[in-house]
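The values are calculated or read from the model by the stated rules, or taken from the named source; none is laboratory data. Owing to the predicted nature of the structure, the values given are computational and were not obtained by experimental measurement. So basically every Cβ, Gly included, is an ideal-geometry build from the backbone, and we count neighbours across all protein chains shown. Remember, those area values only see protein heavy atoms, side chains included, never the ligands or the DNA or RNA. Shrake-Rupley method; radii C 1.70, N 1.55, O 1.52, S 1.80 Å.
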Amino acid sequence: QVQLVESGGGLVQAGGSLRLSCAASGSIFSINVMGWSRQAPGKQREWVADISTGGRTNYADSQKGRFTISRDNAKNAVYLQMNSLKPEDTAVYYCYEDVKGAPVKSWERYWGQGTQVTVSS
């Protein structure tokens, strides 16, 4: 089985920064896309950013220029550096990784447990 563990959330003032981390463990054969989504209170979960195995990144328009996604393939980890945070960034942030597990070797998307990010005005 594969597990994703997140860390790095917390309370920060508007304009501040946070760095989220997420690492996968378990029976992993290969990992493809890694990414982040978030869910604010009373709203649907929305996609934030993703990164391919080769390092190509994609961002939602509202995060461009403020958030940076990165990955460490040796650690099966993905990171989200969040700068210039705004109160509207307050949400539970979930990481995900598309993993080909061993020994079955079929692709499946795994999710982290979520970490709370609260931005005060």
Item to check | Residue in the stretch 102-121 that is farthest from Gly26 (Cα to Cα), counting only those that are touching a Phe, Trp or Tyr at 6+ places or on another chain (Cβ under 7 Å) and either open to solvent by less than 90 Å² (accessible area, probe 1.4 Å) or outside any strand (DSSP E or B) (or both) | outcome: Val117
Item to check | Qualifying residue in the stretch 51-64 (condition: out of contact with any helix residue (DSSP H, G or I) (no Cβ under 6 Å at 6 or more places or on another chain), within 17 Å of Trp111 (Cβ to Cβ) and surrounded by 14 or more Cβ atoms within 10 Å (Cβ to Cβ)) | outcome: yes
Checklist entry - When the stretch 65-101 is examined, which residues are found to be more than 17 Å from Ser21 (Cα to Cα), open to solvent by 60 Å² or more (accessible area, probe 1.4 Å) and not basic (Lys, Arg)? => result Gly65, Ser84, Glu88
Checklist entry - Quick one: in the stretch 9-34, which of the residues that are on the phi > 0 side of the Ramachandran plot and open to solvent by 30 Å² or more (accessible area, probe 1.4 Å) is modelled with the highest pLDDT? => result Gly15
Checklist outcome for this item: Among the residues of the stretch 40-83, the number that are part of a strand (DSSP E or B), in contact with a Ser or Thr (Cβ under 7 Å, 6 or more places away or on another chain) and over 18 Å from Gln113 (Cα atoms) is 4
Next on the checklist: Among the residues of the stretch 1-38, what is the count of those that are without any contact (Cβ under 8 Å) to a residue 60 or more places away in the chain and within 13 Å of the chain's Cα centre (by Cα)?
Outcome noted: 3
Checklist entry - Is it the case that the stretch 24-35 has a residue that's touching an Asp or Glu at 6+ places or on another chain (Cβ under 9 Å) and farther than 23 Å from Pro103 by Cα? => result yes
Checklist entry - Does Ser37 meet the test of being modelled with pLDDT of 95 or more, open to solvent by less than 30 Å² (accessible area, probe 1.4 Å), at negative phi and assigned to a strand (DSSP E or B)? => result yes
